[in-house]
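Enquirer: This is the structure I have questions about; it appears just below.
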Amino acid sequence: MKIEGQQPIAASIEAVWNALNDPVVLQSCIPGCQTLTPIGDNSFEAAATVKVGPISARFGGIIKLSDLDPPNGYTISGEGSGGAAGAAKGNARVRLAQQGSETILSYDVAVDITGRLAQLGGKLIDLTAKQLASVFFARFSEEVAMRESEALSVPSPAADKARTISRPLEAARTPPRPISAPTAASSATAWLLLAAGTLIAGFILGRAADGWNGAGALAGGALGLLIVLVAAAAFLVGRLSDQPSPTVRLDDDSIERLAAALRGLQS
C-alpha cells in the first residue's frame, strides 16, 4: 500500500525540520501514540494503539531515521508487531521545500501489513492509513505553526537589554516640566490681604495697650504699617538673593529707636 500527499505549513523550513526531529512533537501528533523514546542516534522505541475496522491493536516497535539531508528531508522507517492482530512495517520519504512564508511538506509512504489486519481487505486498510496520515500531518502542521508564532512573539534577551538601556536615555531626553510661578494678580492679592490683616491687628493692639484712645489707635496703625514694610523688605531681599527662607533681623539700636518713636506718638 502506498500513500502520497503534500501539507503546507505556516513556518520556516528550519522550524519544520527541527520539529520532524523532536520526539515530543512527533509523539503528540501520531494518532494513538503512547510512547516514543530515543534509544540511540536517530532511533526511537514506539508504542501506539491503532484501530482498523473492528480490530484494535497495540503495536510496539522501532522507528529509525535515515538519509538525513537537513533541512530538506529524510527517510523514516519502522517495524512493529500487534500480537495476534498482525504486524506492520513501512517507510516514508519526507521532503521539505520553502515557498514564501510557508514550507511544503511532501511525503511518500509505503506500508506492508500482515496477519489478521491484512484479512480485512485492502480498501479498508488503505482508507484507515490515509485517515491516520491526514490526522498526523494536520496535527503536525498546527503544532509547528503554533511554535513558530510563539517563538516570534517572545522577545529575545538582546531586545530586552536594548529596551532597558533606552529607558534612562529617553528619560534624560525628556525635559522637566516647568514649575509655574504665581501670577501677578495672586501676588498682589496676597500682599493686600497681608497689609490689611496686619494693619487691623496693629490697630487693635494699639488701642488695647493705650485705653482705646486716638493715640493708641494711631500707634497701632503705625506698628502694623511698619510690620508690612519689614515683610516687604524681607520679600525683596529674598528675591534678590535667591534664598529659599530669607530672614530679617533688627539690632538692639533699631528696636530702641522704634520703641522711642512709638512712645513719642503716644505722648
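Bear in mind these aren't lab numbers, they're just calculated from the coordinates by the rules spelled out. Worth saying up front: this structure is predicted, and the values here are computed from it rather than measured. Every residue, glycine among them, receives a Cβ derived from its backbone with ideal geometry; neighbour counts consider all protein chains shown.
Enquirer: Arrange Asp253, Asp22 by Cβ neighbour counts within 10 Å, fewest through most, would you?
Expert: Values: Asp253 8, Asp22 15.
Final ranking by Cβ density, sparse to dense: Asp253, Asp22.
Enquirer: Starting from the amide H of Leu68, placed 1.01 Å from N in the peptide plane, find each other amide H under 5 Å away whose residue is 5 or more places distant or on another chain.
Expert: Thr75
Enquirer: Fewest to most neighbouring Cβ within 10 Å: what's the order for Asp67, Asp41?
Expert: Numbers: Asp67 12, Asp41 7.
By the 10 Å Cβ count, ascending: Asp41, Asp67.
Enquirer: How much length, in nm to one decimal, is gained on full extension between Ala260 and Asp67, taken as 0.36 nm per residue of separation minus their Cα-Cα distance? It would help to have the intermediate numbers written out before the result.
Expert: Details: separation 193, 0.36 × 193 = 69.48 nm, distance 11.72 nm.
Length gained between Ala260 and Asp67: 57.8 nm.
Enquirer: Okay, next question. For the stretch 93-129 and the stretch 1-25, what is the centre-to-centre distance using only Cα atoms, to the nearest Å?
Expert: Cα centroid of the stretch 93-129 versus Cα centroid of the stretch 1-25: 13 Å apart.
Enquirer: Evaluate the charge dipole of the stretch 1-98 about its Cα centre and quote only its size in Debye, nearest 20, assuming +1 on the Cβ of each Lys and Arg and -1 on the Cβ of each Asp and Glu. Numbers along the way, then the final one.
Expert: Working: 7 positive and 8 negative charges, 83 e Å.
Here the size comes out at about 400 debye.
Enquirer: Just rank Ser134, Ser153, fewest to most, by other beta-carbon atoms within 10 angstrom. Mind dumping the intermediate values first?
Expert: On the way: Ser134 14, Ser153 7.
In increasing order of surrounding Cβ atoms, one gets Ser153, Ser134.
Enquirer: I would also like to ask the following. Calculate the translational D of the stretch 2-152 in whole µm² s⁻¹ from Stokes-Einstein, where the hydrodynamic radius comes from the Kirkwood formula applied to all Cα pairs, the temperature is 4 °C and the viscosity 1.567 mPa s.
Expert: On the way: Rh = 15.9 Å.
Rounded to a whole number, D works out at 81 µm²/s.
Enquirer: Modelling each spin label as a point 7 Å along the Cα-to-Cβ direction, I'd like the Met1/Ser56 distance in nm, to one decimal.
Expert: Each label point lies 7 Å from its Cα, and together they span 1.9 nm.
Enquirer: Where nothing but the Cβ of Lys and Arg (+1) and of Asp and Glu (-1) is charged, how large is the charge dipole of the stretch 79-121 around its Cα centre, in debye to the nearest 20?
Expert: Working: 4 positive and 4 negative charges, 19 e Å.
So the dipole magnitude of the stretch 79-121 works out to roughly 80 debye.
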